[in-house]
Structures are given as structure tokens and as C-alpha cells.
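To start, the structure under review is shown below, and the notes come after it.
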């Protein structure tokens, strides 16, 4: 007992060396004297145990997260635009679900950061950390250069839906388009609720995030069930949340419209045969061309493309030959 | 409710703190708070006031009419006119002085920092400590104030709130006995973590104590038998460490630290045994 | 993954789905039981708390009850965590096995009607027979026919290709007999004819069958095993090596480059009509059906 | 054709440039008032359970019930250096319960029995009231219900027990659901200032 306490104290000393203790929670009471008995008056070599106050996630980890986000998007861009390998994108999705989803447990994500940014723009008393600014802006910048690479497998919410797609049915394009407006409504509502006066403020995106509870293995029961329903639905309907509800997806669809190099299906690198249209679970291929505002850069079209199969067959044959 | 009157004096006189109350032989009321001493007639009119060097924590009046004010690490002694007569300091022995008792040649100063009562003579020579039952320290006072009163025989009655007791000491520090026990339900016991916080003795040796959380005033007979609760709903729930004084007529003067006034509680004649 | 047969994949998928379902039901059930009991537990504690204030005996009971509830909540949390991990694993297995199953699943055979939903022109002229005088189109002899062509296109060397094309259009191949006739009234030499007719893929030197079946060997169809289709049809029609037409002269099997409907791969075209998503069996059935109709 | 194409390219580049400038501006605006800190914490001067003067009110259990975690990330924490080591700690004992034969209250306050009481220092063998006691909160059991905080605050106690967000447990939700539920808006994200 004593030894463990001493060990804890030593650990704490080490911890306290690594950074200043949190001061906010030490509010001084106005007391006339130091009312607590001193170590001297308690006697017998008593040492006041230091209260252990675990530090919040350190700044350099936040920086690491931002860097990882950027690297993941670059990897997605390279895989989607240059290497054109779905296998790589799947691997990226798994890694990002594991890290940004299950390990980092989903917060803060660019989707939710919309609200922080909205509040920060309206409420003079509200400030956002650099971390959140970076999280919010990076995917948009990436969209301006490479399209929706964030959606392709970096976003944990998107990636987990991406991974469960098993037997996608075609959603009639008109229905798809109509449902697509929901995300704008959701975005509007989220911003409105976020910029309300502080007492009524509510971050609806975060409150109704169907997947964050799954990543955390905890949460309100109905939200966990909703997340499960979204995943089961996602087996048959490609990425329902991303396509029709994601407010950040709404922003990304605008930014990706002006992408410098976007995900594309080209006649010179692909076969231009139309197989891809059937392969796309998201209805994002029209007239044998990827619709850059809707494309999640999942790479299924490449996998379905005969040319890429032929390449692979050639690659496989080459070492044998 | 046995209160006949609920009179308050010194209303609107103190702006930040009211910590001590004392009476002299003629019924004048001395109050310290903020950084001043204010003297009121028994009717409650402000007679005189003057500044103290530091915020006063307690006040006492000796036979010669001199006013002793306990402060942080010092005691200021004023004459009846409010002129500074002397300042006592005793580094290491006097921390926050929260109670002063003067009897004959003895001066007792309660040091709330080290939780002892320091026994001096009139000229300021240290004689002995009172309250060393605990090998390592004095009283158990998690409430920050050591308060005591001296009875006609020169016995010190000390509130030891951490032990839920009133203890009696001889001036040389010998413990004579104690009464009181913890009880959160029975008004005869002392509730909470640390009660009573303050006490005073009336002319017949009854012990008047004040408690905090919830604040109330109780009376015990000289043997420690519970007599009555004088009031338990007069004070703000946050009121604590309410200093007490009792005049010759049995009226209880309570320094209310929240309302910043002195409440005067007097019982109906028939209830006085 | 090759050793992962379709049946195994299906079994694993179903099993994983079952496990995931059971876990989900268990989790929700556990939560629901807890939620149902919560108000009662709370009321019980409050009741005991009240009773304990006066009755000393109850306090041990209250202590036990509180401990029981605390431990129950801790246990429920542990159970939920274990179940969640298992659910995650079984969900992952379900998705992985399901994807494997989908990949191994045979393409469902399109119905025969859809495959032969082609309007064969049964009134097409019988073709592929050796040119005989009485069978040469509008009654003219090959000699007359060639003479007319020479008249039309001239007798120079440069007329070779148009003349050959016309002959091919007429007979659907270049019969030796007709070619010999061409050399006589023109400057075109047999060598030139031999060179030209063998250089251009459009010229055939052997007669074609009644139907020309063009099996697409474009990239998509190649990947989708068009070779197997061709082989199967040749085997079925008993076409000998080096030939492309069956002995009955009903079908000519032709390998062509992409016909432009890769989404239906593997594909074959019969005249102007397309049959897609073929398997060797269904390709054979298409030809059988066609033979029956014609 | 080439004209049209180049015009489209120019327009696209212009839009992209404008968007980049816009984003840069947004970043600038946000960065000007950005803070580096990022963790939820409880302002105990606002917390009902800790707030001086919030006397006679019911205990607020939002921290225990509203956290997204089943066992809340908020725990009661005893600041030992401020603890009075009372013999009868109102946060440990239910001081309104009957007094047992040993002179101690018969009930404990914590519904989850998460507080441990241990005599420390020099111990008087004859008089348990003459000892100091250390109260340690078992973080495995504590769910941040705040009852002990309520009882420990001044004037009854010394206010050494506070509710604190334990950052090793806290998921750092973008919008803390306790903050949404907190009646006093005691949850702040930028209250924690670090260097």
C-alpha cells in the first residue's frame, strides 16, 4: 500500500515535470487560515499524497493527429489518383477506422468541427484551438486539390461504412438526388443550433453522430442502435450517412467541384466500357465518368476495370515468364 | 422559538467582514471586522470607531477598558479612546489570533494557525501552551477558528470542533474534562464535521455555543447538559464561525458574518431557569 | 483466399451474422434488463436509506444492497465491453466472408429468352456455299459477275481492293473460282490477289457458315474468360483445328476485338445482335436455340 | 474547343484560388483568437455541488448520469492538501443517520462506497476522535455523483473534494454531453490553460 503510494507519487513527480499542473481546477477558497492539518501536526512521517491529475492529451499528440490526417489524405490521393489501387484504399480505410475511429474515438472530427468554427465566427467569447482549425480546414484544402480524398478512407465515419458495403443496390438517381439535399438541411440546422446563445447552444451533429458511440463502445442505447442500423443498411446501400446526411460532405462536394486534380475515369488509363458504373455503389458515375462532387474515391471502379485486371494479370505473369 | 426580540445592531456598518464581538462591563458592544473596531452603545448606536492595522479577527476588553484586537501574527491593544497602546508580536507562536481572553494577570491568545492557545502574562511573556493533548498539535479545528472563554474560576472552555467537544483547561494547560459528542440528529450532540465553532459563557456559567452547517445557537448548562436550541433558523445557511458574547442579562450577541451585523438574542424571562 | 471455397464463405458469413445478431440481442437485452430494474433498485435503496435512519438493523442490508448494485453495474459494463469486442470481430468476419462469398458467387445465368432475344433474320439468303452459276445472286454466272465488276471498277491494279470487296460482299468470302476469273480481264496478278486477300482481315478465303458468331476477345471479355467461350463453342460445333466454320456450315466462330459492351463481358455477337454475360454453357445454349429457330 | 477548354480551366483555377483565399482568411480569423488549450474541465465556482452559497439545494447528478461513458469521466477528487482529515467527515458518513454505539454515524454517504477512510499519522489508541483520517476516493467505483462534494463544501466541510474531469478517461467529446446538461454551465473547454 505504502509502496504503491510512493510509486504513484514518483510517477506523479515525473508527470508534473513533463508539464505544469492544471491550474484551472485549483480555485482558491477564501480561508482565514490553512485549515488542513499540516504534515507536521499529523506526525509519524506522514506525507500528504499528491492528487494525481492526468493531463489532457498533449499538444504534440494533437500535432501528430493533424499530421497523420494530412498524410492519410495524401496517401488516399496517391492511391486514388496515381496508383489506382482499391486494395490500398481498403487498407487505408482499415487503418483510419482503427486509428481515428477506435483509437482516437472519433473526436474531434472535421464533421463536428463545423460547429466549433461556426460558433467561433459568431461568438466573440468562443475560441477554437489551432488543432480544430487545422482539422476543419485541411480536408477542404485537400478537396480543392484532389477532391474528396478525406471521404475516401480517412474519415472514420466514412471508412467504416465503406468497409461494410457488401451488396449495394442501385438507388434511383432521382431519389438519390432528393435525399442528397438532406445534408444541406442538416448542415443548416447544425449551424443554427451551434450559433444560438451559449445557454441554448447544441452541437446536433455530435449529438446525433451514429457511429461515434460504436467507436467508443459506449453511449446512449438508442444512438448505438441507430449506428448499428446505419451499418446494416450500409451493407445494402452504399454509405447512407455520407451521401445523404453528412454536413461536411456538403461542404466537400462544393469544394471538390473545383478540384485541381480529381478522381477520374479516363479513356486512356481505363477501358471506358461502363463496367465501372455498375461497380460504383454510390451512383457517382454518370456517362462512364466520375462525378467529382459525389465521388468518395473508393476505387471500386478501378477494381472493376478490365484494363486494371489485365495489368494485374500481366504483373502476375511477368515474374513467371 | 424562544426569542423574545430579534434585534440587530451594527447593521450596515461593515462592508466585507464581521468577525468578532465583545462586551464591556457597561454593556457597550465592540465589534471588529473589515479593518476597524466599532463601538456601539447597548442600544446599538455607534459610539466610536477606529482603524486597525490589519483586519481584526477577534476582540476583547479588559478590566481597564483597553481593547485587544487579534489580527494576523499580532495583537493590537487600544485604549478606550481608540489610541494604539501596544502591539504584541511573537513570531512562531502567534499566527492568526482568533480569540483573546484576559483575566487578572493572564492573557490567553488563540492561535488558529498552529491550533494552540498561548498563555502570556500581562507584560507579554510567554508562559505555556494549552491544548497539547494531541502529541503533535493542538485542537482539531478544520473550521479555521479556535475560540474559547474563561469562566469565573479562571477555567478555559475551549471549542474543539474536530472532536465535537467543549474542553476545559486549567491555565497551566491541564485538561480538566470535556463534554459533547457527535450526533447529527439529536440537538444535544454536535453535528457535522466540526462543531461547535465558537462559544461563550454567561454569568451563571452556562455555555453558549454556535454551530455551522446549519448555523444555530445552543446552550448547555455548566455540567455539559444540553438545555436548549436558541435559534436554528435565524442565520444564512452559509454562516459559520459566528463569534458570541453574552451580557449580564443573558442576552446573546452573535456576530453574523453573512448579514454583517450583530444579532442580539434574548430569551423570554420565563424560559430562563 | 483461393482455398476459401464459396460454400465455406457462405457458412462463415451466416455464422458470423448469427453470432453478431445474438450478441446484439444480448447487448440490447442486458441493457434493457438493467434499465427495467434501475427504478426498482433506486426505490429500494431510497426505502432502505429511509429505514436505516431509524433502524440500525437495516443499515447492513442497505450496505449490501448498494454493494450489489454497484457490482452489478460494474459487471454489466464488463459484459458489455466483452460483447462489443466480440461483436466487432464477428462483424468484421461477416463483412470479410460476405465479400469473399460475393466474389466467388457464380454470375447468375441470364434466362435463355433474354440471351436469344435477338431477331434472327431467317429469310437471309443461304450463304457459304460454293458459287455455282445458278446460285450466283441475280442469276448471272461468276464470269458475268466478275466482268460486271471489272466494268464497274476498271481493269487497273488499283481496282483490286474494290473488286475483292465486292466479291466478298457477294459470296461472303473469296471463292478461288471467282478470283481466277478476276485475273483474266484485268492487270491484277494472282500474286497481287493472294497478297491483298491475305493482308486484310476483312477478306476470307474460305466460306462462312450461315451465322457468323463473333466472340469478343477485347480486354474485358478476355479477362472474363472469352477464350473458354470460344473453345467451348468450337468443341461443341466440332470445328477442326485450323478451321473456323463447322462442318454443317451453320456457324463461323470468329475472334474479334472489343465490340464495345464490356459491361456485358464475356460477349458474343451474332449478326448485329449481342449476347452477354456468357458462360460456356449459356453460349452453347444460345447457338442451340438459334439453330432450332433457323 | 481549345478556347472553351482553357476558359473552363481558367474559371476553375479562379474558383480554386478564391476558395483557397477564403479558407486562408477563415483560418486567419479563427487563429487570431485561437487558444491552445483543449480539454473539458469543471469550473467549481459554478458547479452546483461545489458552489459556495448553493446550500440546501439537491445534489446535481448530471456528471454521473449524462456522460457518454457508462462510468462517467467525472470523478470526485479529494485535494489532500486541503482536507481537514476530520474524524467525522460529512462526505464519508451520512451525518444525518443515527449514531451507532461507537459514536459514529451508522451510514456512509457514498452510494457506491467509493471512499476509503484510514487513520493516519500519530494515532491515539484510546480516543479515535483524537486522530486524523485520510479519505481516499476509489476512482474505479466513483461515478461522479457529487454527493460527497455537496457535503464537503463550505461551510459544512472544507471543500477539499471537487468534481473533476479525469482526462485519462475523458473522451474529449466535441460537445460534452454533461456540458449540455449542466444546469450552471460549469463545463468549459478553454478553462484549462496550459503553457
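For the protein assembly as shown, list log₁₀ I(q)/I(0) at each q in 0.04, 0.07, 0.08 Å⁻¹, using the Debye formula over Cα point scatterers of equal strength and ignoring solvent, two decimals each.
These q points yield log10 I(q)/I(0) values of -0.40, -0.81, -0.95.
When the Cα centres of the range A:178-207 and the range D:52-125 are compared, how far apart do they sit, in Å?
What the calculation gives is 41 Å, centre to centre.
Most exposed first by the Cβ proxy, i.e. fewest other Cβ within 10 Å, how do B:158, C:259, B:37 rank?
C:259, B:37, B:158
Could you check the simple spin-label distance between residue A:221 and residue C:141, using points 7 Å along Cα→Cβ, in nm with one decimal?
Roughly 10.0 nm, to one decimal.
If you stretched the chain out fully between residue C:155 and residue C:104, how much longer would it get, using 0.36 nm times the residue separation minus the C-alpha to C-alpha distance?
In short, 12.2 nm is gained.
Which stretch or stretches of the range C:237-274 have amide N atoms under 13 Å from the point lying 7 Å from residue C:288's Cα along the Cα→Cβ direction?
Taking a point 7 Å out along Cα→Cβ of residue C:288, the residues of the range C:237-274 whose backbone N falls under 13 Å are C:237.
Between residue B:84 and residue C:54, what FRET efficiency follows from the Cβ-Cβ distance if R0 is 56 Å, with the result rounded to 0.05? Could the numbers behind the result be given before it?
Details: r = 58 Å, r/R0 = 1.04.
Once the sixth-power term is evaluated, E becomes 0.45.
Can you give the FRET efficiency to the nearest 0.05 for residue A:195 and residue C:25, using r as the Cβ-Cβ distance and R₀ = 45 Å?
0.60
Based on the Cβ-Cβ distance from residue A:236 to residue C:63, what FRET efficiency comes out when R0 is 45 Å, to the nearest 0.05?
0.30
Rule-based calculations on the coordinates, nothing more; no lab input. Not measured: the values here are computed from a predicted model. For neighbour counting, all protein chains shown are included, and Cβ atoms are generated from backbone atoms with ideal geometry for every residue, glycine included.
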